[in-house]
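The values are calculated or read from the model by the stated rules, or taken from the named source; none is laboratory data. Values in this document were obtained by computation on a predicted structure and should not be read as measured data. Quick reminder, even Gly has a Cβ in these numbers, built from the backbone with ideal geometry, and neighbours come from all protein chains shown.
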Amino acid sequence: MTKKRRRRGRRFPLLVYTPVGQRLGNLGFLLAIAGLALWALAPHIFGPPFGVFPWRHLLLIFPLVGGFLFVYGLAARRLAYVQCFPTHFRIQTPFYPLVVSYRRVMGTRPVQIAKLFDPEKDKRARRYWPEWYWGMTAMAVDLRSFPMSPQWLRLWLDPHLFLPDRPGFVFLVEDWMDLSQEFNGFLAAYRDRRAGRRSARR
């Protein structure tokens, strides 16, 4: 009896989205609270005409924007992950999913974050990342090519998901060894199946 093929792997949260999620979530919460307070107190603060309908309700745009940022912050922390499947792996970000076939994968390797992204030059990461990120090891996936235009992908994905010097991705997760073991297991099974099909056609 053949071994049953696993349908999917675990979801490994992408840590690069945690700081931005926390920052936007906190900002959204404060903006929503301040906007609601301003709306409630508008008749006393502004008086006519801004304290009466319809001008007063224009102030609700602030809590609406704040609510959107708060939801985005939660989504950034909870819905950003990488996951393996039998024929591909999936990078899920808050608003953009990307599926990459194992055919494009050349290999995987561990990388030191502080060596990959220079903390002296990367002002954005140095400002918002926790200090312990820089001492972590991540898993890099080297690709033959991206599944679509790199310029398009960079519009949607965090810049720290990309290898800086070649086609590929960087996955900063809590346990890179578990991710590496799972990813390489799915990758090896995929390559074995392809090799078996090629042999069967000969």
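Could you check the stretch 162-202 and list, in sequence order, the residues that are part of a helix (DSSP H, G or I), touching a Ser or Thr at 6+ places or on another chain (Cβ under 8 Å) and more than 16 Å from Arg8 (Cα to Cα)?
The answer is Trp176, and nothing else.
Looking at the structure I just gave you, is Pro94 at pLDDT 65 or above, under 30 Å from Gly135 (Cβ atoms) and assigned to a loop (DSSP other than H, G, I, E, B)?
Spelling it out, Pro94 is indeed at pLDDT 65 or above, under 30 Å from Gly135 (Cβ atoms) and assigned to a loop (DSSP other than H, G, I, E, B).
Please count how many residues of the stretch 123-148 are outside any helix (DSSP H, G or I) and either under 24 Å from Gln181 (Cα atoms) or in contact (Cβ under 8 Å) with a residue 24 or more places away in the chain (or both).
Going through the stretch 123-148, the residues outside any helix (DSSP H, G or I) turn out to be 129-130, 136-148.
Filter once more, keeping what is either under 24 Å from Gln181 (Cα atoms) or in contact (Cβ under 8 Å) with a residue 24 or more places away in the chain (or both): 129-130, 136-147.
Here the count works out to 14.
For the stretch 107-115, does any single residue satisfy the condition of being of a type in the set (D, E, K, R) and modelled with pLDDT under 95?
Within the stretch 107-115, one or more residues are of a type in the set (D, E, K, R) and modelled with pLDDT under 95.
Among the numbered criteria (1) within 15 Å of the chain's Cα centre (by Cα); (2) surrounded by fewer than 18 Cβ atoms within 10 Å (Cβ to Cβ); (3) modelled with pLDDT under 90, which single criterion is violated by Trp129?
Exception for Trp129: condition (2).
Report every pair of residues separated by at least 6 positions or lying on different chains whose Cβ atoms are under 6 Å apart, first residue within the stretch 1-22 and modelled with pLDDT of 90 or more, second of a type in the set (Gly, Ala, Ser).
Filtered contacts from the stretch 1-22: Leu14/Ala80.
Check Arg154, Arg103 and return the single one that is at pLDDT 95 or above, outside any strand (DSSP E or B) and among the charged types (D, E, K, R).
On inspection, the qualifying residue turns out to be Arg103.
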